[in-house]
């Protein structure tokens, strides 16, 4: 009998230690126990080397210690996540600030920057405003016209640049570099 996940079920009777409530057990688990000469330990997983869940040849089955170890076998080769027991070296922040931190976070994901939000952000509106103001003071209406952006987008960018001390308001609606 085949289970919905593609594994083969064998009728062993309801008293068997691997049996479900109907008296069936997964064939690959029965074969693995026979191959090992012992019962499977709690948490031990069976990996099908060729990926075929119906191929329960003893040479195709591998007993792995945990779900995490079994996951390593099924993970795509291109995955960059940290493997169990793989070292977690300290690396330098990619932005160049000189901060040291562990390469992998608690979830095993690789990091390049010391903290969230540390990644340099692209700011084309602010960059465009600074480029235009490098030629001298300009009214906001001219900035909007030259950049081809909405009034709101330019107003927000001007506010952020002012807060950072990069520009100053020369007169009502007229801006220049600080």
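The values are calculated or read from the model by the stated rules, or taken from the named source; none is laboratory data. Since this is a predicted model, take the numbers as computed values, not measurements. Counting neighbours? That spans all protein chains shown, and the Cβs are built from the backbone with ideal geometry, glycine included.
Looking at the stretch 159-168, is at least one residue outside any helix (DSSP H, G or I) and more than 27 Å from residue 94 (Cβ to Cβ)?
Checked against the condition, which is being outside any helix (DSSP H, G or I) and more than 27 Å from residue 94 (Cβ to Cβ), the stretch 159-168 yields at least one hit.
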Does residue 28 satisfy the criteria of being in the same structural domain as residue 66 (by TED's automatic domain parsing), closer than 18 Å to residue 69 by Cα and over 31 Å from the mean Cα position of the chain (by Cα)?
yes
Using the structure shown, decide if residue 96 is at pLDDT below 80 and either exposed (fewer than 14 other Cβ atoms within 10 Å of the Cβ) or assigned by TED's automatic domain parsing to the domain that holds residue 34 (or both).
yes
Count, please, the residues in the stretch 1-19 that happen to be without any contact (Cβ under 8 Å) to a residue 12 or more places away in the chain and more than 36 Å from the chain's Cα centre (by Cα).
5
When the residues of the stretch 137-155 are filtered to those that are without any contact (Cβ under 8 Å) to a residue 24 or more places away in the chain and assigned to a helix (DSSP H, G or I), which remaining residue is surrounded by the fewest Cβ atoms within 10 Å (Cβ to Cβ)?
152
Note: among 79, 134, 66, 159, just one is over 30 Å from residue 39 (Cα atoms), surrounded by fewer than 14 Cβ atoms within 10 Å (Cβ to Cβ) and at pLDDT below 80, namely 79
